[in-house]
Amino acid sequence: MSLKLIPEQASSVAPSIDVLFYTLLALSVLVIVGVTVAIVWFSVRYRRGAAVERKDVVRRPRWELTWTLIPLALFLGVCVWAGKLYFDLYTPPRDALPVYVVGKQWMWKVQHPGGQREINQLHVPRGTPVKLIMTSEDVIHSFFVPPFRIKQDVVPGRYTTAWFTATRDGEFELFCAEFCGTDHSKMIGRVVVMEPQAYQRWLQDNLSGKGLAAQGSELFRSLGCSGCHSANSSVHAPLLEGVFGGQVHLQNGETVVANERYIRDSILQPASQIVAGYQPIMPSFKGQVDEEQLLKLVAYIQSIGVREGNQP
Amino acid sequence: MSAVVSVNANNYFNVAHSLRSWLTTKDHKRIGLLYLASITVFFFIGSLAAALIRMELVTHTGDLVPADTYNKLFSLHGVIMVWFFLVPSIPATLGNFLIPMMIGANDVAFPRLNLASWYIYTLGGLFTVLTMFLGGVDTGWTFYTPFSSMFSNSNVVLTIVGVFIVGFSSIFTALNFIVTVHKMRAPGMRWFRLPLFVWANYATSIIMVLATPVLAMTLSLVALERLLGIGVFDPSLGGDPLLFQHLFWFYSHPAVYIMVLPAMGVVSEIIACFARKRVFGYKTMAFAILGIAGVGFMVWGHHMFVSGQSMYAGMVFSILSFLVAIPSAIKVFNWTATLYGGSITFEAPMLYALGFIGLFMLGGVTGLFLAALALDVHLTDTYFVVAHFHYIMVGGSIMAFIGGIHFWWPKITGRLYSEPLARFSAILIFIGFNLTFFPQYIAGFNGMPRRYHSYPAEFEALNVLSSAGASILAVGYILPLLYLFWSLRHGRLAGANPWQATGLEWTTPSPPSPDNFESRPIVTEEAYNYQPEGESRG
């Protein structure tokens, strides 16, 4: 049995998270030691029978203000610092490599943009930001890789995202952190961080069929989407080229960003977000496409969405 | 101590002896004891589940019980400990017994409602234990959807009914306390002369009345979705799983303060008594209690930083969670300052109270780690969280509960327990507790997820330590049960006020008469009018 006291660091954010952790730890130890020393000192000095002068101190607003405000300022500093890091932690870089993750009782299913699929494993290149677009087929799961210091709940019915840049080659455990039923503790996978060249080789070796966007394109036709969403269609439906990543003006006056979640919602609940100038005529595809097909459609829409001026 | 000690013949025990007289009693003191008996039973049921959990986790493979059984054990442990032990623990036992006496009243405002509360509590508890025999529940005490509503194959609805029922006992007790404190204070007992124990239970009662109905509604919605397929939380039915978390934590975070505020009240009484000092900054302490109760309602989202809720919401909840630490910190500092210039002795209740401060402090600062957004991402849903809330609820609330039972035992029973044994148990519990839960901070920091039946081998050493600590803790909990029972018959007679404590409850004989006071007391002084030896008033 080995005793592990400190977690390893294997992502770009891990060192800065740890600095924050140890800073807060130091502050906490300071407070705890301070109070403990005071308690022990008073307990000994003012034990019954000890010959010592005792003053009746029952209220000193200045003392109270001092020992309230100084720690408050320090700890609030930590709070803001942690908030800043949190925003970084959940704002993926624009050029991040998208990877699609579907959780289900009790496994992780992963699809890469090139069409490579894996179960309970995730191969990523070292040094490249990776953005995870995740959803669940059943209950809530949570994607947790301790050496990366990231965790994100994987929620059915919506996409959640997380990102990381791995900084060390090797294999790291991927845990499900949200209780999800019988084999929750077996829902463990591995993140395999590879040297970029080795990663490219791995992608080649695991190529099976077409890329995700190409598969999505096929679905787009076979499900009949292209019947309406195309330039030569007689139906008045928005064209989807160049939409992804841009702003969409809705009938109700709102403006939304056309991200993964918007595409997903538009397929499953088309009536909820009508684009300005169009009629609510699209039927819902709920029940006709599963989570993995949805991700392929999203990948396809994304692939035709890249346009000057759009921000992913 | 007074030289002549005799037992009060006209006491609430002697007034009638039959079982029927106990089951139909409207005396707040007897009802407090009925509650004490019931919650002790549930505490040991919950502890039994904890013992099995710790035995399973001694090895990293899941080799003692099957996974489903393990999941049911920690669910049972959580459900029983939260709703059938911690929430009612101090208010329903010590609160019931003491609040009327502390404010100089003969009983609570609604004695019948008080008895009804105990029946409802016991009914709900038996119902929940029954579900255990029918196969149990495997959702954890948090009932997260859509797992609980659509996927679990266990007795979710029955368990929810049990929790739903017990909620009414909380509400009844709380209503009773609120009205009692408002309307039944003795002449001269102004608000700022109330003992902090009364303030704490008053604030707790307000939380109970406001939050418990939300829990009842939320759990009802889970049951409706499960039974009738009405889509509220399951996205495949058009629901939103995060809505459940918002509603659940809107109750369950304030519930943490339901569990810890009364403990703070107990500790204030004990420390003032054994330091022979007025509580430092009495008014600040009272306002801190109200502050915790108020702000506690606005921090629920800190349970959801990785759930996918908005980052901006996360920021607001994080700041509010840091702010709720202010009144908690003030309380710790003021207890410490109360010791300054005191005349301190270290009887068993004082050891529990000092232990409370230490453990509550550690639980409190680790709460800040979890309130800090970027750190919570790594730490949430790991054993760090498990350690954190056990420091607050077990280290804090149970230490104070047992300390309070010791402190008022002479008043309740008229007898003294064995002081050396009591001190020994207090120290044993403190050591056992730290050995059990401190290693869990380290395991959590290293990424060990909670609710794992089997776990990676690298965490085994820490878990062995934890299980070893739990066995010490078990001895520490069983010992008081034995010597307190023993003292009922064989303990020395205590007399009215063995600790020379202030407070109206100590002016009554031990055990108190059925009506508490022979004549209505008139209060002329502040709470905690203690005088340390050799003090120079300055």
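Please treat every number below as a calculation from the coordinates, not as lab data. Computed from a predicted structure; not experimentally measured. Every residue, glycine among them, receives a Cβ derived from its backbone with ideal geometry; neighbour counts consider all protein chains shown.
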message: Rounded, prolate or oblate, given the Cα gyration tensor of the range A:1-63, with a/c below 1.5 counting as rounded?
response: oblate
B:HIS28, A:HIS123 arranged by Cβ crowding within 10 Å, fewest neighbours leading: A:HIS123, B:HIS28
- prompt: Where the centre of each part is set by its Cα atoms, how far does the range B:24-45 sit from the range A:258-272, in angstrom?
  reply: 55
query: With charges set only on the Cβ (+1 for Lys and Arg, -1 for Asp and Glu), what does the dipole of the protein assembly as shown come to about its Cα centre, in debye to the nearest 20?
result: 2420
message: Let me understand the range B:457-538 better: what is its radius of gyration from the alpha carbons, and its Dmax, in angstrom?
response: 22.0, 67
field: Three principal axis lengths of the range B:1-136 [C-alpha, angstrom, descending]
entry: 60, 37, 28
- request: Taking a cut-off of 28 Å between Cα atoms, list the lysines near A:LYS131, but don't count ones fewer than 8 places away on the same chain.
  value: A:LYS84, A:LYS104, A:LYS109, A:LYS151, A:LYS186, A:LYS210, A:LYS286, A:LYS296
task: Please state, as a whole number in µm²/s, the translational diffusion coefficient that the Stokes-Einstein equation yields for the range B:13-64 at 10 °C and 1.306 mPa s, with Rh defined as the Kirkwood radius across alpha carbon pairs.
output: 115
field: Alpha carbon centroid spacing (whole Å) that separates the range B:342-413 from the range B:496-516
entry: 28
- line: By the Kirkwood definition, with r running over pairs of different Cα atoms, the protein assembly as shown has a hydrodynamic radius in Å of 29.0
query: Can you give the convex hull volume per residue for the Cα atoms of the range A:108-186, as a whole number of Å³?
result: 95
field: Neighbourhood charge, 11 Å Cβ-Cβ cut-off, centred on B:PHE197 and excluding it, Lys, Arg +1 and Asp, Glu -1
entry: -2
field: Rounded, prolate or oblate (a/c below 1.5 giving rounded, otherwise prolate when a/b exceeds b/c) for the range B:123-213 by Cα gyration tensor
entry: prolate
- prompt: Taking the Cβ of A:THR182 as the center, what net charge do the other residues with Cβ under 11 Å away carry, scoring Lys and Arg +1 and Asp and Glu -1?
  reply: -1
field: Qualifying trypsin sites (Lys or Arg not before Pro) for the range A:42-125 [loop in DSSP, other Cβ within 10 Å: at most 12]
entry: A:ARG94
message: Just to be sure I understand: with springs between alpha-carbon atoms less than 10 Å apart, which residue in A:ILE281, A:ILE70, A:ILE17 has the highest mean-square fluctuation in the Gaussian network model of chain A?
response: A:ILE70
task: Check every DSSP H run in chain B and write down those whose alpha carbon atoms cover 24 angstrom or more along the long axis and whose mean Kyte-Doolittle hydropathy is 0.0 or greater.
output: B:28-56, B:111-133, B:156-183, B:196-228, B:241-275, B:311-339, B:348-371, B:419-445, B:460-490
- prompt: Residue-wise, which Karplus ³J(HN,Hα) couplings in Hz belong to the range A:94-103, taking 6.51 cos²θ - 1.76 cosθ + 1.60, θ = phi - 60°, and x for glycine or proline?
  reply: 4, 8, 5, 6, x, 9, 9, 10, 10, x
field: Distant alpha-carbon pairs in the range A:135-269 (separation over 21 angstrom), percent
entry: 62
field: Cα-only radius of gyration and Dmax that characterise chain B, units Å
entry: 22.8, 74
- prompt: How about B:LYS72: which aspartates and glutamates have a C-alpha closer than 17 Å to its C-alpha, ignoring those fewer than 8 places off in the same chain?
  reply: A:GLU178, A:ASP183, B:GLU56, B:ASP63, B:ASP138
- request: For the range A:250-258, just list the computed ³J(HN,Hα) in residue order, Karplus coefficients 6.51, -1.76 and 1.60, θ = phi - 60°, integers in Hz, with x standing in for Gly and Pro.
  value: 9, 3, 7, x, 6, 10, 10, 8, 7
- line: When B:MET448, B:MET259, B:MET264 are arranged by how many other beta-carbons sit within 10 Å of their Cβ, fewest first, they go B:MET448, B:MET259, B:MET264
query: So what's the range A:63-167 giving for Rg/Rh, alpha carbon basis, Kirkwood Rh from the mean inverse pair distance?
result: 1.16
Whole-number D in µm²/s for the range A:68-109 (Stokes-Einstein; Kirkwood sum over Cα pairs; 10 °C, 1.306 mPa s): 116
Residue exposure sequence - A:VAL37, A:VAL124, A:VAL145 - by fewest surrounding Cβ within 10 Å: A:VAL37, A:VAL124, A:VAL145
- request: Evaluate the Kirkwood expression for the hydrodynamic radius of the range B:400-525, namely the inverse of the mean inverse distance over all pairs of different C-alpha atoms, and round to one decimal in Å.
  value: 17.5
- request: Determine the shape class of chain A: with a ≥ b ≥ c the square roots of the Cα gyration tensor eigenvalues, call it rounded for a/c under 1.5, and otherwise prolate if a/b is greater than b/c, oblate otherwise.
  value: prolate
- prompt: In chain A, with Lys and Arg counted as +1 and Asp and Glu as -1 at Cβ, which of these residues, A:LEU20, A:SER234, A:ALA198, has the Cα nearest the positive end of the dipole, that is, farthest along it?
  reply: A:LEU20
field: Radius of gyration and Dmax over the Cα atoms of the range B:276-404, both given in Å
entry: 16.3, 53
Tail weight of P(r) past 20 Å, computed on alpha-carbon pairs of the range A:239-312, percent: 28
- request: Mind checking which lysines have their Cα closer than 27 Å to the Cα of B:LYS29? Skip sequence neighbours fewer than 8 apart in that chain.
  value: B:LYS183, B:LYS411
field: Proximal charge balance of B:GLU419 [Cβ under 11 Å; K/R count +1, D/E count -1]
entry: +1
task: Average the reciprocal distances over every distinct pair of alpha-carbons in the range B:341-405, invert the result, and give the Kirkwood radius in Å.
output: 12.7
field: the range B:302-360 - Rg over Rh from alpha carbon coordinates, Kirkwood radius
entry: 1.24
Where only C-alpha atoms are counted, convex hull volume of the range B:190-231 per residue in Å³: 55
field: Helix-derived mean residue ellipticity, 222 nm - over chain B, DSSP H n ≥ 4, -39500 (n - 2.57), to 500
entry: -21000 deg cm²/dmol
